[in-house]
Amino acid sequence: MTLQPLTPVNCTGLLQPGCSLLQLDGEVLLFGQKGWPKRSCPTGVFGVRFKQGEIKLRAISFSSDSSYLPPLRCPAVCRLDPYDGLPESYLIHGGRTPNNEISSSLYLLTMDSRGCNRKLTLCCKEKELVGEVPGARYGHTMSMVQSRGKTACVLFGGRSYMPAGERTTESWNSVVDCPPQVFLFDLEFGCSSAHTLPELGDGQSFHLALAREDCVYLIGGHSLASDSRPPRLLRLRVELLQGSPLLSCEALHTGISISSAIITRPGPTHRYIILGGYQSDSQKRMECSTVILDETGIHFETLVPPEWTQDILHSRTWFGGSAGEGSILLAVPTEGRPSQPDVHYFYMVSFQTEGGGKEEEGTLGCSQESTDYDDSTPLEDSEELYFGREPHELEGSSDEEGDTYNEEDEEDESKTGYWIKCCLSCQVNPNTWEPYYSTELHRPAMIFCSRGEGGHWVHAQCMELSETLLVRLSQGSKKYFCLDHGGLPYQEMTPPRQVMPLKRTPMKIKDRRTPPTIKISPAKKSFFRRLFD
């Protein structure tokens, strides 16, 4: 096992807690990143490449008939191996967006085509489910099971907001564990069914799920009800009988206490490696374990961890994902060091075979590759991730230049308003805000202070405004100041605009024609009169 530091190229923040790494057609893909690129990569999916100790990104395109894939954090990701003539693909369910909205959609991500220059194009389709459909959630898992020649998808766990009828102003953004139900998907017909088992007494999230044939093993996880990480190990057996499936659950006694761990599959066999995660809110799990699934059950073996650096040992959080070929991309925050331009340190952890070489390429069956420290890194929309490459990295590919993520192409979102800290003494957390006024639905109420250099936004809650005053301030043409610019909030009527009267001058008509006048003497008049008579 080796630990190699990586240098991000032109990257102010590559991975964020909750983003996902996939391996499709031999390429590592990243989605669910912080911010949302609009021009250089409208899909928000990037190809991750590792070369000479550097980590680089390449924009990935979608086919014209693809669905919109939002930037999801902590979704359930499940790999579908090729079967019945279908290509390899990924199922993506749920997840949390940077705006703290929780999704309930199910997406199918497949490869659409490969260009002559190896440019990858993906196809994303949203699948409709009927029956007992799981609600919006994040931090859950999905696994594929095979029984009696049939294939189904098993979904379990996760967190979501409190039900609408139980939410109050104080608990508006409070999350709870989802009910301990097991959902079974029939991907061919889109049917979903919910199953309740007596062995599943409480919900769990940010656990691991490993599947072999008709069994799914649920390892560890965090429970909000007890605020604990019990050493839980459950074996869920699914028999796809004709008519209705039969589910059974058994609690085993060889589990481990862990949550938000990273898992990779170093080979084609059912052998997995668990790295990272947490044993408690303030303690990381520094050990590594090997998990083997065979005909007799599940087996854990202790694996010697790499020699951790001081940054990893002293960091409070860490996260990452499987990068294929028995490798794990690991990230730890820089803990606010001003000397470090990047937000995180990146490391590549590689697992070697007994002969010293890398094992055959394998991919992850199903796991939750994220951290449940949602509050450790705020998810502001106003902070963008910028990616790009230098000219020497183009490697002669004709499509490289067009795929570069250019920082200058992005709009400045630092003044969008409702995500901004209004002052140093502001107590409103824009990421975990709770509705303070009944008029607030999705965003905190903001007031624009008319003083200062160009003005600035202020949270109305920090100004201790009443709701009636807030509504009155939002109407009419008034100027208002925050507490830092005038003590108590007061108003001034905008001075009326003095309209200068217009001086109306008649317009001159150009080329005005008047009937011609001919002056004739009386003698000529009498001559013409006699002539015509």
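The values are calculated or read from the model by the stated rules, or taken from the named source; none is laboratory data. Values in this document were obtained by computation on a predicted structure and should not be read as measured data. Note: ideal-geometry Cβ built from the backbone for every residue, glycine included; neighbour counts use all protein chains shown. What goes into the accessible areas is simple: the full protein's heavy atoms, side chains included, and nothing from ligands, DNA or RNA. Shrake-Rupley method; radii C 1.70, N 1.55, O 1.52, S 1.80 Å.
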Residue by residue through the range 187-201, the couplings from Karplus 6.51 cos²θ - 1.76 cosθ + 1.60 with θ = phi - 60°, in Hz, x for Gly and Pro, are 5, 5, 10, x, 8, 10, 9, 10, 9, 10, 10, x, 6, 9, x
Accessible area in square angstrom per residue, the range 9-260, 1.4 angstrom probe:
39 Å²
Do any GluC sites (Glu not before Pro) in the range 98-198 lie in a loop, going by DSSP, with at most 14 other beta-carbon atoms within 10 Å of their beta carbon, and if so which?
101, 128, 132, 170, 188
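Can you give the Rg to Rh ratio of the range 9-260, both from alpha-carbon atoms, with Rh computed by the Kirkwood formula? Write out the running numbers ahead of the final one.
On the way: Rg = 18.8 Å, Rh = 19.4 Å.
Radius of gyration over Kirkwood radius for the range 9-260 works out to 0.97.
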Ranking request for peptides 253-262, 310-319: highest mean number of other beta-carbon atoms within 10 Å first, then the rest in descending order.
253-262, 310-319
Enumerate the amide H contacts of residue 162 below 5 Å, restricted to partners 5 or more residues apart or on another chain; note that Pro and chain-start residues carry no placed amide H.
174, 176
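For the range 9-260, what's the relative contact order in percent, using C-alpha pairs closer than 8 Å and at least 6 residues apart?
Working: 616 pairs, mean separation 28.9, N = 252.
After rounding, I find 11 percent.
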Any trypsin sites (Lys or Arg not before Pro) in the range 166-257 that lie in a DSSP loop and have at most 14 other Cβ atoms within 10 Å would be 167
Strictly over 24 Å apart at the Cα level, which of 56/127; 56/284; 56/125; 56/119 would you flag in this model?
56/127; 56/284; 56/125
Charges at C-beta only: +1 for Lys and Arg, -1 for Asp and Glu. How large is the resulting dipole of the range 9-260 about its Cα centre, in Debye rounded to 20?
1080 debye
Quick one: net charge around residue 178, please, counting Lys, Arg +1 and Asp, Glu -1 for every other residue with C-beta under 11 Å from its C-beta.
0
For residue 55, enumerate residues with amide H under 5 Å from its amide H, sequence gap 5+ or separate chain, H modeled in the peptide plane.
7, 9
Among 130, 104, 252, the residue whose Cα sits farthest towards the positive end of the charge dipole of the range 9-260 (+1 at Cβ of Lys and Arg, -1 at Cβ of Asp and Glu, taken about the Cα centre) is 104
Quick check: at a probe of 1.4 Å, how many percent of the accessible area of the range 187-309 sits on carbon and sulfur atoms?
52 percent
Applying the gyration tensor rule to the Cα atoms of the range 78-202 (axes a ≥ b ≥ c; rounded if a/c under 1.5, else prolate if a/b exceeds b/c, else oblate), the class is oblate
Among 179, 140, 45, pick out the residue whose Cα is farthest towards the positive end of the charge dipole of the range 9-260, where Lys and Arg carry +1 and Asp and Glu carry -1 on C-beta, about the Cα centre.
45
Kindly identify the range 192-269 as rounded, prolate or oblate by the Cα gyration tensor criterion: order the square roots of the eigenvalues as a ≥ b ≥ c, call it rounded if a/c is under 1.5, otherwise compare a/b with b/c, prolate if a/b is larger, else oblate.
oblate
With θ set to phi - 60°, apply the Karplus curve 6.51 cos²θ - 1.76 cosθ + 1.60 along the range 168-181 and write out the HN-Hα couplings as whole Hz, x wherever there is a Gly or Pro.
10, 4, 6, 10, 5, 9, 6, 10, 9, 5, 5, x, x, 9
